[in-house]
Each structure stands twice: as structure tokens, then as C-alpha cells.
Amino acid sequence: MAPERIAKLLARAGIASRRESERLIEAGRVTLNGAILESPAVNVTLADRIEVDGTPLRGIERTRLWLYHKPSGLVSTHKDPEGRPTVFEKLPRSLPRVLSVGRLDINTEGLLLLTNDGGLARVLELPSTGWLRRYRVRAHGKTDQAALDRLRDGIAVDGVLYGAIEATLDRTQGANVWITMGFREGKNREIKNVLGALGLEVNRLIRISYGPFQLSDLREGEVLEVKGRTLRDQLGPRLIEQAGANFDAPLFHDQKAETAAPKPASGAKTESGRKRPDRPGKEPAPGRSRGGRTDQADTGDKRQRNLDRLDTKKKPDDKPNRFQRRSRASNVWMAPGARPTVARKTSEPDSGAAAGKAAKPHKKGSAGNRKRSKPDQKGRSGNADRRR
């Protein structure tokens with residue numbers, strides 16, 4: 001490796017940007033070969049022993065890039081003097097120290113590129129890269145496509161000249177309009193100043209793409225890493241050479257490995273020596289204890305319950321079945337003349353003869369049978385006699 005400025009090396013290692021690395025050196029927080037460094041005008045190589053706040057520099061990590069859906073209300077800086085929440089405070093802890101490619105205002109949301117390579121971040125920020133940055137804008141006011149087409153020739157606002165801007169009027173929603181805008185240079189508050197010159201007031205701003213990288217369906221606050229082969233193809237040889245990107249270096253922070261690391265069991269001791277608390281409301285499965293071991297007594301009870309379930313013999317202490325099938329005749333209503341004449345069986349031995357006599361069917365022409373077969377006629381004749 002050829003010698004290079006220490007600020008550039010720190011930026012490529014993902015410690016800080018070049019400008020912030022120079023501030024760290026001026027603050028006396030960087031040592032070179034055991035001596036506190038006083039000036040950033042020093043050329044170094046990876047063979048030198050460099051420490052930042054007492055932590056040795058392990059070397060240059062493989063160049064990586066992440067897509068981040070920035071929510072509104074976060075500032076794109078590592079430390080905010082006003083104490084506002086920052087983007088880097090909300091990132092997953094599994095990520096290494098990363099830098100943002102450019103910045104988004106606190107009220108701007110959408111795609112923000114993150115990288116661990118300061119040289120790549122610097123190259124992608126430059127307008128000479130030629131990457132188109134596209135935004136979806138909601139603004140209060142009225143305009144037409146003809147006024148937006150004039151922005152292709154550039155516009156000067158308050159003495160600041162802005163380059164060519166591609167703007168398309170998507171739709172009108174009440175008192176607001178939705179516009180898609182794209183440009184290749186990112187000056188401070190460029191969209192708000194340009195649309196303000198057209199009489200529009202921006203009330204929502206979403207970045208939907210940065211060069212070949214799209215926001216697509218990435219959810220708010222979510223981080224997605226770009227695969228190394230895809231990143232290499234999208235950058236191309238020219239940008240890789242300008243940024244000094246290294247795709248052959250090792251990985252010191254493997255996000256997948258950290259994510260797939262097994263979690264300690266409930267009640268087990270962690271690396272700090274503390275016991276992991278049990279999850280509230282979650283009981284161990286039957287036959288298992290908190291530590292995941294099987295209790296022999298519980299296993300025996302479970303085996304006995306399974307054997308009892310397979311036993312089909314009726315036991316003396318079994319309860320009667322409430323849903324036992326009953327005779328259909330007990331649930332069917334019958335007319336008085338259609339009732340069965342078979343007597344019910346009783347447990348008394350003396351009533352067997354009486355039950356046998358009662359079970360004999362009546363003869364077809366008997367008087368009792370004739371009286372029961374015509375109950376309606378007898379009832380009508382009795383009523384007629386009483387009227388007389």
C-alpha cells in the first residue's frame with residue numbers, strides 16, 4: 001500500500017470523515033507509533049501503529065454500502081449540539097461505524113446511503129459523479145407543467161445558480177400539488193428554494209432514489225445492505241479507482257454472523273456473568289423444566305396418561321356419559337290413540353305376568369279399540385248431548 005494522508009486512511013477505515021479525522025488529530029485523540037499526533041499533514045501506511053482514543057486501528061475493512069429509509073425528525077450527523085435525535089443513534093447495533101453519503105434535512109425523509117468507506121462517501125457526494133437524485137415533493141400552492149419545464153435550463157434564486165432540474169407535475173390534491181424532481185447536484189435546501197421561487201411552499205419531501213439505488217418498498221427505519229457484486233457493478237471501474245474502494249479486504253463486522261449468533265438459554269449466564277431473566281408470561285412446555293431439560297417424573301406421568309387414553313375397558317369410577325344415545329320413542333310426541341301398548345320392564349319379579357298380559361295386542365274388533373280409534377266423534381257427540 002502506498003503512503004497516504006492519515007486523515008484519508010482514517011476515513012477509509014470508517015473512523016470518521018476526512019474533516020472530522022483532522023479535528024480528532026487536532027484534539028490530540030490520535031497517536032502514531034506511540035506518540036500523540038499534532039498535525040494531519042502526515043503520510044502513513046497500514047504498517048504504522050495508529051490508535052484513536054486508545055483503540056488500535058485494525059486496518060481497512062471491505063467496502064460496504066447500505067440503504068437506509070430515514071424517518072422525518074432525525075438529523076444526519078453523529079452528534080447534534082442542540083441535542084436532537086440523530087440518524088446514527090437509531091441504526092442497528094450490528095452495523096459497524098458508518099458514514100452518510102451526503103445529508104438530508106431534519107424534515108426530509110427517504111433514501112439515505114450509508115458506507116463504511118470515507119473515500120467512497122466523498123466520491124458519491126460530488127456532482128461530477130453524475131448520479132441523478134430524485135425526490136417526491138408535496139407543496140402548497142398551484143403551478144403547471146409549463147412552469148416546471150423552465151427549470152431544465154436552471155434558475156438563479158437569491159444570487160445562487162442552480163443547475164438543470166427535471167420536474168414533473170404528478171397530480172393536484174386539494175390545495176397541494178405532488179411533483180417528482182430530479183437533479184445531479186445537491187445544494188443546501190435546493191428544492192425548497194427553487195419551488196419557493198415559483199410560489200410553492202414545500203410541506204413534505206421524500207428522496208426516492210440516489211443514482212442506481214432505489215428506495216422501493218424499504219420500510220421506514222429499515223436498513224438493507226447492497227451485495228458486494230452489485231455494488232461493484234454499479235460503481236464501475238472509474239468510481240472504484242477514484243474512491244480507492246477495496247472489495248478484497250476482510251470483514252471485521254459481519255452483520256449476518258452477529259444476527260445468527262445463538263441466544264443464551266433462559267436462566268443461563270451471559271458473558272457479563274449475569275443471569276438472563278426469564279421471559280414473562282412464557283411457561284416451559286409440559287415435561288420440560290426452565291433450563292430445557294426433561295423431568296423424569298413428568299415424563300412418567302405423561303406416559304401413563306397416554307396409556308390410560310388408549311385403555312378402552314370401562315372402569316368402576318368412570319362417570320356416566322351425558323351424551324349416551326337414548327330411545328327415539330322418548331323424544332317423539334305421539335297422539336293418544338297411537339301410543340304403544342307395550343308395558344315398560346320393571347325390576348320387580350311379581351310384575352312379569354302383568355307385563356306379559358299388558359303386552360298382548362288388542363283384537364281388531366274389540367270395544368276398547370273402537371273407543372280409542374274414534375275419540376273425536378265421541379267428543380263431538382257428548383257436546384251435542386249437553387247442548388240438548
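The values are calculated or read from the model by the stated rules, or taken from the named source; none is laboratory data. Given the structure is predicted, the values throughout are model-derived calculations rather than measurements. Quick reminder, even Gly has a Cβ in these numbers, built from the backbone with ideal geometry, and neighbours come from all protein chains shown.
Before moving on, here are some points about what is shown:
- Among the residues making up the stretch 139-154, those that are surrounded by 17 or more Cβ atoms within 10 Å (Cβ to Cβ) and not in a helix (DSSP H, G or I) are Ala139, Thr143.
- Inside the stretch 122-149, residues that are touching a helix residue (DSSP H, G or I) at 6+ places or on another chain (Cβ under 8 Å) and within 25 Å of Phe88 (Cβ to Cβ) make up a count of 6.
- For the stretch 187-197, filtered to residues that are surrounded by fewer than 19 Cβ atoms within 10 Å (Cβ to Cβ) and in contact (Cβ under 8 Å) with a residue 24 or more places away in the chain, the residue that is nearest to Leu132 (Cα to Cα) is Lys187.
- Subset of the stretch 28-48 [modelled with pLDDT of 90 or more and either under 43 Å from the mean Cα position of the chain (by Cα) or among the aromatic types (Phe, Trp, Tyr) (or both)]: Gly28, Arg29, Val30, Thr31
Residues checked against (1) modelled with pLDDT under 90; (2) touching a strand residue (DSSP E or B) at 6+ places or on another chain (Cβ under 7 Å); (3) β-branched (Val, Ile, Thr):
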| site | (1), (2), (3) |
| --- | --- |
| Leu111 | no, yes, no |
| Val123 | no, no, yes |
| Gly130 | yes, no, no |
| Ile155 | no, yes, yes |
| Thr172 | no, no, yes |
| Trp178 | no, yes, no |
| Ala197 | no, yes, no |
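- Looking across the stretch 14-41, the residues that are surrounded by fewer than 16 Cβ atoms within 10 Å (Cβ to Cβ) and in contact with an Asp or Glu (Cβ under 9 Å, 6 or more places away or on another chain) come down to Glu26, Gly28, Arg29, Asn33, Gly34, Glu38, Ser39.
Here's the yes/no breakdown for (1) more than 30 Å from Phe213 (Cα to Cα); (2) of a type outside the set (Ser, Thr, Tyr):
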residue	(1), (2)
Glu4	yes, yes
Ser21	no, no
Ser39	yes, no
Asp53	yes, yes
Pro71	no, yes
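So that you can scan it fast, the table gives a plain yes or no per residue for (1) among the β-branched types (Val, Ile, Thr); (2) within 22 Å of the chain's Cα centre (by Cα); (3) surrounded by 14 or more Cβ atoms within 10 Å (Cβ to Cβ); (4) at pLDDT below 90:
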| residue | (1), (2), (3), (4) |
| --- | --- |
| Leu67 | no, yes, yes, no |
| Gly73 | no, yes, no, no |
| Ser76 | no, no, yes, no |
| Thr86 | yes, yes, yes, no |
| Leu99 | no, no, yes, yes |
| Leu104 | no, no, yes, no |
